[in-house]
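Report on one structure; see the data block that follows.
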Amino acid sequence: MIVTCLDLEGVLVPEIWIAFADAVGIPELRRTTRDEPDYDKLMKFRLGILKEHKLGLKEIQDTIAKIDPLPGAKEFLDELRSLGQVIILSDTFSQFATPLMKKLGWPTIFCNSLEVADDGEITGYKMRCPHSKLTTVKALQSCGFETIASGDSFNDLEMIKASKAGFLFRSTEKIIKEYPQFPAFTEYSDLLEAIKKYL
């Protein structure tokens, strides 16, 4: 059996941190895993800015409540799920992802969790496991599954490389240029057809 593993932000929904950065007028928070390969460094940078501006979980969740899936994302996901098993592997957090999963029809997602103080301040975060996307793909393979993977950022490359087939979707010119071995798509219909060849 084949399991398709998809990234969330930039692939199925807009980038949460970019939407929040725009909502609160702090352009530094637009930095994502497309720009910074070191996720720990990126999150410490983000948490520092949140603390400086006294912004917490509620403010971010207020922005997330207004975010809808990218046009065509739910239809793409629905069709893909009708063909086989799909797991969303994301470095986002359960406190962010839940409202978006509702809008996507409750697909399976493996993600991380935030540490939040009683006053709503985000004090830290807990990764599900080291190299969570690669670790999950390898765990699925150890159970006898084959994997297909698609994402847009640096933190997706490990799972893409480790899978039977891997695709970039709406990625950056820099990543596409550095990894020409992975077909790069911008339309859901093209990605779906590429995945279907392996199902």
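The values are calculated or read from the model by the stated rules, or taken from the named source; none is laboratory data. Since the model is a prediction, treat every value here as computed from it, not as a measurement. Reconstructed Cβ throughout: ideal geometry from the backbone, glycine too, with neighbour counts over all protein chains shown. Each accessible area value is taken on the protein alone, full model and side chains, heavy atoms only, with ligands, DNA and RNA left out. Shrake-Rupley method; radii C 1.70, N 1.55, O 1.52, S 1.80 Å.
Within region 74-85, is there a residue that is out of contact with any Gly (no Cβ under 9 Å at 6 or more places or on another chain), under 19 Å from Ser153 (Cα atoms) and touching a residue at least 60 places away in the same chain (Cβ under 8 Å)? I'd like the intermediate steps shown before the answer.
Taking region 74-85 as the starting set, the residues that turn out to be out of contact with any Gly (no Cβ under 9 Å at 6 or more places or on another chain) are 75-76, 79-80, 82-85.
Cutting the leftovers down to under 19 Å from Ser153 (Cα atoms) gives us none.
Looking for residues that are out of contact with any Gly (no Cβ under 9 Å at 6 or more places or on another chain), under 19 Å from Ser153 (Cα atoms) and touching a residue at least 60 places away in the same chain (Cβ under 8 Å), one finds none in region 74-85, hence no.
What is the one condition in (1) touching a strand residue (DSSP E or B) at 6+ places or on another chain (Cβ under 7 Å); (2) aliphatic (A, V, I, L, M); (3) over 28 Å from Lys41 (Cα atoms) that Leu104 does not satisfy?
For Leu104, the failing item is (1).
Can you tell me which residue is farthest from Glu193 (Cα to Cα) among those in region 118-167 that are within 16 Å of the chain's Cα centre (by Cα) and of a type in the set (Val, Ile, Thr)?
By that ranking, first place goes to Thr135.
Tell me whether region 171-181 contains one or more residues that are surrounded by fewer than 18 Cβ atoms within 10 Å (Cβ to Cβ), over 21 Å from Glu36 (Cα atoms) and without any contact (Cβ under 8 Å) to a residue 40 or more places away in the chain.
Yes, there is a match, as at least one residue in region 171-181 is surrounded by fewer than 18 Cβ atoms within 10 Å (Cβ to Cβ), over 21 Å from Glu36 (Cα atoms) and without any contact (Cβ under 8 Å) to a residue 40 or more places away in the chain.
Considering (1) over 17 Å from the mean Cα position of the chain (by Cα); (2) part of a helix (DSSP H, G or I); (3) over 22 Å from Arg31 (Cα atoms), say which one Lys174 fails and leave the rest.
Every listed condition holds for Lys174 apart from (3).
Any residue in region 29-45 that is within 15 Å of Ser132 (Cβ to Cβ) and free of Cβ contacts under 8 Å to residues at least 40 places away in the same chain sitting within a Cβ distance under 9 Å of a residue that is assigned to a loop (DSSP other than H, G, I, E, B) and acidic (Asp, Glu)? List the pairs, counting only those 6 or more apart or interchain.
Leu42/Asp35; Leu42/Glu36
Quick check on Thr186: is it hydroxyl-bearing (Ser, Thr, Tyr), surrounded by fewer than 15 Cβ atoms within 10 Å (Cβ to Cβ), more than 23 Å from Pro37 (Cβ to Cβ) and modelled with pLDDT of 95 or more? Give the steps one after another, and end with the answer.
On the way: hydroxyl-bearing (Ser, Thr, Tyr): yes; surrounded by fewer than 15 Cβ atoms within 10 Å (Cβ to Cβ): yes; more than 23 Å from Pro37 (Cβ to Cβ): no; modelled with pLDDT of 95 or more: yes.
Spelling it out, it is not the case that Thr186 is hydroxyl-bearing (Ser, Thr, Tyr), surrounded by fewer than 15 Cβ atoms within 10 Å (Cβ to Cβ), more than 23 Å from Pro37 (Cβ to Cβ) and modelled with pLDDT of 95 or more.
Taking the residues in region 107-166 that are of a type in the set (D, E, K, R), part of a loop (DSSP other than H, G, I, E, B) and more than 24 Å from Val13 (Cα to Cα) as candidates, determine which candidate is most open to solvent (accessible area, probe 1.4 Å).
As a first pass, look at region 107-166 and keep what is of a type in the set (D, E, K, R): 115, 118-119, 121, 126, 128, 133, 138, 146, 152, 156, 158, 161, 164.
So of that shortlist, the ones also part of a loop (DSSP other than H, G, I, E, B) come out as 118-119, 121, 128, 152, 164.
Next, from what is left, pick out any that are more than 24 Å from Val13 (Cα to Cα): 118-119, 121, 164.
Numbers: Asp118: 169, Asp119: 123, Glu121: 58, Lys164: 104 Å².
So, considering only residues that are of a type in the set (D, E, K, R), part of a loop (DSSP other than H, G, I, E, B) and more than 24 Å from Val13 (Cα to Cα), the one most open to solvent (accessible area, probe 1.4 Å) is Asp118.
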